[in-house]
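First up is the structure itself, then whatever we jot down about it.
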Amino acid sequence: MTELIDGLYLQGEKIADTKAPHDVPIAQRWEQRKFNANLVNPANRRKLDVIVVGSGLAGGAAAASLGEQGYNVKCFFYQDSARRAHSIAAQGGINAAKNYRNDGDSVYRLFYDTVKGGDYRAREDNVYRLAEVSANIIDQCVAQGVPFAREYGGLLDNRSFGGVQVSRTFYARGQTGQQLLIGAYQALERQVHAGTVKEYRRHEMVELIVVDGRARGIVTRDMVTGKIDTHLADAVVLCTGGYGNVFFLSTNAMGCNATAIWRAYRKGAYFANPCYTQIHPTCIPQSGDFQSKLTLMSESLRNDGRIWVPKRAEDCDKDPREIPEEDRDYYLERIYPAFGNLVPRDIASRQAKNMCDEGRGVGPAIKERDAQGNERMMRRGVYLDFSEAIGRLGRDAVSARYGNLFEMYQRITGDDPYEVPMRIYPAVHYTMGGLWVDYDLESNIPGLYVAGEANFSDHGANRLGASALMQGLADGYFVLPDTMNDYLADMLREGKVDPDAPEIAEARRSVEDRVERLMALRGTRSVDDFHMALGRIMWEYCGMERRDEGLREAIGQIRALKEEFWRDARITGEAMELNQALEKAGRLLDFFELAELMCIDALHRRESCGGHFRAESQTPEGEALRHDDEFLYVAAWEWGGENQPPILHKEDLIYKDIELKQRSYK
Amino acid sequence: MNIKLKIWRQKNQNSKGHFEEYSMTGIEEHMSFLEVLDLLNEQLFAEGKEPVAFDSDCREGICGQCGVVINGQAHGPIRSTTCQLHMRHLAEDPSFKDGSTITIEPWRSTGFPVLKDLIVDRSALDRIVQAGGYISVNTGAAPEAHSVPVQKDKADAAFEAAACIGCGACVAACPNASAMLFTGAKISHLGLLPQGQPERLARVVNMLNQHDAEGFGGCTNIGECAAVCPKSVPLEVITRLNRDLGHALWKGQKTTA
Ligand SMILES: Cc1cc2nc3c(=O)[nH]c(=O)nc-3n(C[C@H](O)[C@H](O)[C@H](O)COP(=O)(O)OP(=O)(O)OC[C@H]3O[C@@H](n4cnc5c(N)ncnc54)[C@H](O)[C@@H]3O)c2cc1C
Ligand code: SF4
Ligand code: FES
């Protein structure tokens, strides 16, 4: 069965999700699944231990809800407070099929938009459930006191968001993620007070413990003292967010990393669609070599801002205000008249890149390296212009809608967007890939659950705006508490893991060895230096546009860089203390391996879909061309062992409730 | 521009700290303050010295993880988080010259022990929230969101208070090391909403007791907190807190378990 393909990976057996009850129509599956699930008697719940890694929307909500049910929960995170998880940074909003605007929205339409937006690479059952519980999320958050925007009548306000034609997005100015996370955090702290949840701040999960094929615990490093500990449980939930930082520069927080899911992958959990990366179209362009991260400007800006570049390259260094209307190319409105500036992210991003590649980008030229390693100066920016909106609505109305974003833009760039158009450019933002999970959000390792951005499930090859927050909270508040009961009921019979099981000591030893090996490095280059180099490879070859030969080149370069790391890196400080270089080094090692898998996945998928644009697969007009005949599946990768090729398992995607169509926004 | 940095170095919670000075050249004005520290760390690395430990995560002014005292001011001279401070903002100060010295210290307060260099432990703020900074609603038990309308001005005022990012600058700036702006922000956020009414009086008593138990000082209306707050949480939140507290004491509200 296993055949070596391309010298890079093995072809494994097909897999499928068996947990969604297919004997009932899609609208009844979730009810049916909940009904079929075993329950745990309230008095027995406190005997069961659950580890939740992550305190973002998914982890915070999961830990709070499981705690509320009476399970004995331990919640781990690397920040100093649960409230600082990366979900805090989400700006734009959260979708829900409430149809408060009477504009034709419904559970089915949200389901339909999400599957289409994901370019038909998401699983129908999971997405339908997401749309179904979306309305409960808003109820839950409002009851917790999340201060969503309201209208004068006292009811909730909505707006529309990229890629959809109804107003179903709930928001709290430009701080929706913050407000939702504070809601989940408060629910979590309530459980800490009640004694059902114990928090482990500044603790990093560095290994998964698997005993007799089941997830039984984790190994952590206390980031203040350096102490390495094992924690055992009856089930483990990973809610550790995305891995966009493999690109070094991204809109993700500095600490975002792949370690938790990568360690699980190495213990046998399948990693699905690793190459699916979302590039967000409205970020502040990079301004120099020293840059540590990129800043997102909320996509809601596209509701009123118009995107353009000069028609002629000669005009690119002019003051934009002096370029007359007839010399501006509002390219999205021109190419996609039905959606205009609100086309989905992948399309908006790629067109911005095309404009800059054509030499019509704006802003200062910055140094970049092309695929052959040659340096060139390129302008990487397009205008996002509010002058028309200011004329139409008045400065005050624009400021009421976007004031805080304008302020943030001005603070970072020094330019006043009320006077001069903003400059934006795409940046790595979200990873749709993640650990493979079934309908229950359980990975193929029994007892290992994965939720939020860390799993692969709901977004396909491209994520629509305002749907990640929805997924995180749906998973944490409404899905896991029901599906985990089923597993935990079994564990009650199964009994506790033997603390002397050799796998536990072995997991711990492997962590200690790794720390020791890292601390012994005595080279000349810093961890950040290597991370930056990895990021450049990934952005160049596995970024917005990918080609066969580029991806092969990248795999070679990544391997070489990793070897170089072991030869020439140096870790400062000591192991048994707060040591940020050591933390980063551990994460980088996992990024090296993940980066290679991302390139292999991108290489094997010889089609363009969503955020994954293969140059070899495009329509005559340069749009992404999918190949449903060949690639209508989830690519679930299995770790093949140290220096061995990974094994590809395909899960066929079956569309029964939605007709497959070529995605068009024209 | 060329600058000197005078930075607090402290190995761990139990050791004594001291200042060290470093010179840097070629700093560009559109660099953020934390990127200057990144650069300093690359420089220290090249010299074979241990980098300066400091906290940051989002670097977008929203997570509240960064935060140091710069030239005596929490988060530096403009009202923002440390990660959103740029060198051009420092250079706008007329006393700033080429070669100026910038002093950088961790948050100063007994409630926030230093863990290393510029990193402090702010878990006391979480414990204040644990004492009652929430609305008790079990998952799945919530009424339909539109069943409770909220007056827009109340919702806006609640939002203003809810904007607190828990950075702790208010504590660092306060001569009494009081965390009243932080605590008041939560009390205002929840107390202004209809959903927050049932637990309103118990909340203020419970949270304040915890605030005092953590060793934070009382508020004597100095106002330094609101002046440095990067999210412009208004001083009014403390007035509201005091009003609720008065009300609670008058009603004989006791702490709840
Ligand atoms: C700038 C920005 C704006 C966004 N705007 C929107 C928006 O408007 N709408 C929308 O729907 N989505 C938005 N998103 C996407 C969305 O915010 C994220 O996808 C989502 O919040 C992820 O939530 P999560 O709970 O899965 O993970 P996170 O919130 O990233 O939480 C991860 C948690 O895991 C912990 N962790 C990670 N690794 C480890 C480890 N090894 N050990 C211990 N703990 C660990 C962290 O400490 C953290 O608590 C935005 C994203 C960004 C970057
Ligand atoms: S009130 Fe302001 S200064 Fe104090 S913690 Fe909140 S955001 Fe920071
Ligand atoms: S790093 Fe998040 S607020 Fe500064």
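Going by how many other beta carbons lie within 10 Å of each one, how would you line up A:500, A:139, fewest first? Mind dumping the intermediate values first?
On the way: A:500 7, A:139 20.
Ascending number of Cβ neighbours within 10 Å: A:500, A:139.
Compute the longest continuous run of chain A that contains no exposed GluC sites (Glu not before Pro); treat a site as exposed when its DSSP state is not H, G, I, E or B and it has at most 14 other Cβ atoms within 10 Å.
Working: sites that count: A:13, A:151, A:358, A:419, A:574, A:616, A:621, A:642, A:659.
It works out to A:152-357.
Run the dipole for segment A:423-550 about the Cα centre, Lys and Arg Cβ at +1, Asp and Glu Cβ at -1, nothing else charged, and hand back the magnitude in debye, nearest 20.
Numbers: 13 positive and 23 negative charges, 158 e Å.
Once rounded to the nearest 20, the dipole reads 760 debye.
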Hits in segment A:571-607: amide N under 13 Å from the 7 Å Cα→Cβ extension of residue A:522, namely A:571
For segment A:439-445, Karplus-derived ³J(HN,Hα) couplings (6.51, -1.76, 1.60; θ = phi - 60°; whole Hz; x for glycine and proline) come out as 4, 7, 6, 9, 6, 6, 8
For residue A:392 and residue B:144, what does the FRET efficiency come to when R0 = 41 Å and r is the distance between their Cβ atoms, rounded to the nearest 0.05? 0.70
Given labels modelled 7 Å from the Cα in the Cβ direction, how far is it in nm from residue A:32 to residue A:321? 6.3
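Please state the charge dipole magnitude for the protein assembly as shown, taken about the Cα centre, from unit charges on C-beta atoms (+1 on K and R, -1 on D and E), reported in debye and rounded to the nearest 20.
Details: 108 positive and 129 negative charges, 415 e Å.
About 2000 debye.
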Excluding same-chain residues fewer than 8 positions from residue A:198, which lysines have a Cα within less than 25 Å of its Cα? A:47, A:74, A:227, A:496, B:116, B:186
Neighbouring Cβ atoms within 10 Å as the yardstick, rank A:300, A:287 fewest first. A:287, A:300
Could you compute Rg(Cα) / (2.2 N^0.38 Å) for segment A:463-529, with N its residue count? 1.92
How many times 2.2 N^0.38 Å is the alpha carbon radius of gyration of segment B:94-205? 1.41
In segment B:24-97, if every C-alpha pair distance is counted and binned at 5 Å from zero, what percent goes to each bin? 3, 16, 24, 25, 19, 10, 3, 0
Farthest towards the positive end of the dipole of chain B, among B:106, B:234, B:95 and with Cβ unit charges of +1 on Lys and Arg and -1 on Asp and Glu, lies the Cα of B:234
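At R0 = 41 Å, how high is the FRET efficiency between residue A:368 and residue B:2 if r is their beta carbon distance? Nearest 0.05 is fine.
In this case the efficiency is close to 0.90.
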Toy charge model, Lys and Arg Cβ at +1, Asp and Glu Cβ at -1: segment A:166-235 dipole around Cα centroid in debye, rounded to 20, equals 300
Compute the length gained on full extension between residue A:415 and residue A:222: take 0.36 nm times their separation in residues and subtract their Cα-Cα distance, giving the result in nm to one decimal. 65.3 nm
Could you work out how far the C-alpha centroid of segment A:529-549 sits from that of segment A:170-194, in angstrom? 35
Any idea what diffusion coefficient segment A:1-148 gets from Stokes-Einstein, in µm²/s, Kirkwood Rh on alpha carbon pairs, 25 °C, 0.890 mPa s? 130
Is segment A:464-623 rounded, prolate or oblate when judged by the Cα gyration tensor, a ≥ b ≥ c being the square roots of its eigenvalues, rounded requiring a/c under 1.5 and prolate requiring a/b larger than b/c? oblate
Pairwise over distinct Cα atoms, reciprocal of the mean inverse distance: report the Kirkwood radius of chain B in Å, one decimal place. 19.8
Among trypsin sites (Lys or Arg not before Pro) in segment A:1-91, those in a DSSP loop whose Cβ has at most 16 other Cβ atoms within 10 Å are A:14, A:46, A:47
If the cut-off is a Cα-Cα distance under 22 Å, which lysines reach residue A:353, setting aside same-chain residues fewer than 8 apart in sequence? A:293, A:311, A:318, A:367, A:666
Provide the percentage of antiparallel DSSP beta bridges, counting only those with both residues in the protein assembly as shown; round to the nearest 5. 70
Estimated distance in nm for a label pair at residue B:101 and residue B:88, the labels positioned 7 Å out from Cα along Cα-to-Cβ: 2.9
List the trypsin sites (Lys or Arg not before Pro) within segment A:191-248 that DSSP assigns to loop and that have no more than 13 neighbouring Cβ atoms inside 10 Å. A:227
Calculated SAXS-style log₁₀ I(q)/I(0) at q = 0.05, 0.09, 0.11, 0.12 Å⁻¹ - chain A, Debye, Cα scatterers: -0.21, -0.73, -1.12, -1.36
Among A:445, A:187, A:301, which residue has its Cα furthest toward the positive end of the charge dipole of chain A, with +1 on Lys/Arg Cβ and -1 on Asp/Glu Cβ? A:187
Write out the GluC sites (Glu not before Pro) in segment B:23-56 meeting two conditions: DSSP loop, and at most 11 other Cβ atoms within 10 Å of their Cβ. B:47
Given charges at Cβ of Lys, Arg, Asp, Glu: the protein assembly as shown dipole, positive-most of A:497, B:14, A:259: B:14
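Kindly state, as a whole number, the per residue volume in cubic angstrom of the convex hull around the alpha carbon atoms of segment A:83-146. Let's see the in-between values first.
Details: hull volume 7.6 nm³, N = 64.
About 119 Å³ per residue, rounded to a whole number.
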Could you work out the helix-only [θ] at 222 nm for chain B, with each DSSP H run of four or more residues adding -39,500 (n - 2.57) and the total divided by the number of residues, to the nearest 500 deg cm²/dmol? -10000 deg cm²/dmol
Once phi for every residue in segment A:381-393 is put through the Karplus expression 6.51 cos²θ - 1.76 cosθ + 1.60 (θ = phi - 60°), the whole-Hz ³J(HN,Hα) values, with Gly and Pro written as x, are x, 10, 7, 10, 10, 9, 4, 5, 5, 5, x, 7, 9
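Using only helices, what value at 222 nm comes out for chain A when you add -39,500 (n - 2.57) per DSSP H run of length 4 or more and divide by the total residues, to the nearest 500 deg cm²/dmol? Please list the in-between numbers first.
On the way: 18 runs with 233 residues, N = 666.
After summing the helix terms and dividing by residue count, I get -11000 deg cm²/dmol.
Quick check: convex hull of the Cα atoms in segment B:34-77, volume per residue, rounded to a whole Å³? Walk me through the intermediate numbers first.
On the way: hull volume 3.6 nm³, N = 44.
Convex hull of Cα atoms, per residue: 82 Å³.
Find the eigenvalues of the gyration tensor of the Cα atoms of segment A:279-399, then list the square roots of 5 times those eigenvalues as equivalent ellipsoid semi-axes, largest first, in whole angstrom. Display every interim value, and only then the final one.
Working: eigenvalues 121, 56, 46 Å².
Equivalent-ellipsoid dimensions as semi-axes: 25, 17, 15 Å.
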To the nearest 0.05, the calculated FRET efficiency linking residue B:243 and residue B:209 through their beta-carbon distance, R0 being 22 Å, is 0.80
Distance in Å, no decimals, from the C-alpha centre of segment A:24-77 to the one of segment A:637-666 is 28
Spin-label point model (7 Å from Cα, Cβ direction): what's the residue A:39 to residue A:358 distance in nm? 6.2
Could you name the aspartates and glutamates whose alpha carbon sits less than 12 Å from that of residue B:16, not counting residues in the same chain fewer than 8 places away? B:117
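For A:247, A:406, which order do you get if you count the other beta carbons within 10 Å of each Cβ and list the fewest first?
If I rank by nearby Cβ atoms, fewest first, I get A:406, A:247.
Only the coordinates and a few stated rules stand behind these numbers; no lab work does. Nothing here was measured: the structure is a model prediction, and the numbers come from that model. We place every Cβ from the backbone using ideal geometry, glycine too, and count neighbours over all the protein chains shown.
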